[in-house]
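Presented below is the structure to which this report refers.
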Amino acid sequence: MSVSVIGPVFVQTAQAAAGLLREPVLARRWETPSALAQFQVSGLAGHLAWQVLAVPGRLDAAEPDGPALSLVEYYTAAAWVGAPLDGDLNTGLRTIGEQTAADGPAALAAQVDATLTQLRTRMATLDGTRLVAMRTSAPPLTVDDLLTTRILELAVHADDLAVSLDLPTPALPEAATDLVIALLARVATRRHGPVALLRALSRAERAPTSITAL
């Protein structure tokens with residue numbers, strides 16, 4: 001067993017992102033469109049919260065058969081990357097977000113807080129090398145890699161929700177932003193090649209139109 005090194009970073013990141021769920025403006029804009037296409041603010045808040053609320057169940061599930069995918073392989077193979085917004089997959093994600101947020105912003109914030117309290121204790125003995133999967137049909141990842149995917153989701157969707165509410169994007173722990181930026185750079189390199197990424201970061205005159213990772 002190897003105690004998770006990502007677990008504490010996940011909890012700190014989730015706590016920072018969850019601050020948006022307690023902002024008074026969230027309740028006022030609950031039923032308005034968000035900055036994320038086809039998401040209501042309520043559904044986006046639910047989607048952000050789901051990145052935390054889904055974790056205990058994944059950790060409690062039976063260990064799937066290996067071998068584990070690497071993070072780059074996971075994102076390269078992910079069915080939702082590039083999926084149409086009105087397709088079944090993205091429609092399902094929006095539905096889950098709305099269902100998660102169904103009891104309103106105060107209840108959603110309280111649910112996330114309670115889950116984080118549970119996870120904060122659990123992280124002290126969590127095996128970061130054990131295999132887990134986000135869904136029954138999903139490929140297995142190590143616990144640390146799974147939590148890294150949730151940190152990425154929290155970082156991206158905290159920005160989406162902050163923009164939707166006209167608030168500053170929450171500052172995340174440096175360890176979290178380092179993880180997310182490194183992972184996005186690796187996935188972008190797989191998708192576009194190293195030269196495209198190099199030019200985008202160093203040569204504006206030769207930069208490609210996009211080096212989006214996801």
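Take the conditions (1) open to solvent by 60 Å² or more (accessible area, probe 1.4 Å); (2) over 18 Å from the mean Cα position of the chain (by Cα); (3) more than 21 Å from residue 17 (Cα to Cα); residue 103 misses just one of them, which is (3). Within the range 121-138, residues that are part of a loop (DSSP other than H, G, I, E, B) have Cβ atoms under 7 Å from residues that are open to solvent by 80 Å² or more (accessible area, probe 1.4 Å) and among the charged types (D, E, K, R) in these pairs: 130/63, counting only partners at least 6 apart in sequence or on another chain. Tallying residues that are without any contact (Cβ under 8 Å) to a residue 60 or more places away in the chain and open to solvent by 40 Å² or more (accessible area, probe 1.4 Å) within the range 34-56 yields 4.
Does residue 208 satisfy the condition of being in contact with a strand residue (DSSP E or B) (Cβ under 6 Å, 6 or more places away or on another chain) and open to solvent by 10 Å² or more (accessible area, probe 1.4 Å)? Taking the combined requirement at face value, the residue does not satisfy it. Here residue 142 does not qualify as under 24 Å from residue 187 (Cα atoms), modelled with pLDDT of 95 or more and open to solvent by less than 20 Å² (accessible area, probe 1.4 Å).
Taking into account only those residues within the range 145-155 that are touching a residue at least 40 places away in the same chain (Cβ under 8 Å) and either aliphatic (A, V, I, L, M) or part of a strand (DSSP E or B) (or both), which is surrounded by the fewest Cβ atoms within 10 Å (Cβ to Cβ)? Here the answer is 155. The set of residues from the range 120-138 being in contact with a Pro (Cβ under 9 Å, 6 or more places away or on another chain) and buried (at least 17 other Cβ atoms within 10 Å of the Cβ) comprises 123, 131, 132, 133, 138. Within the range 170-179, the set of residues being under 23 Å from residue 22 (Cβ atoms) and open to solvent by less than 70 Å² (accessible area, probe 1.4 Å) comprises 170, 172, 173, 176, 177. Per the listing 109, 114, 158, 188, the residue uniquely part of a helix (DSSP H, G or I), under 25 Å from residue 76 (Cα atoms) and over 15 Å from the mean Cα position of the chain (by Cα) is 188.
The values are calculated or read from the model by the stated rules, or taken from the named source; none is laboratory data. The shown structure was predicted, so the numbers you read here are calculated from the model rather than taken from an experiment. Cβ: placed from backbone, ideal geometry, glycine included. Neighbour counts: every protein chain shown. Protein only, heavy atoms only, side chains kept; ligands, DNA and RNA dropped before computing areas. Shrake-Rupley method; radii C 1.70, N 1.55, O 1.52, S 1.80 Å.
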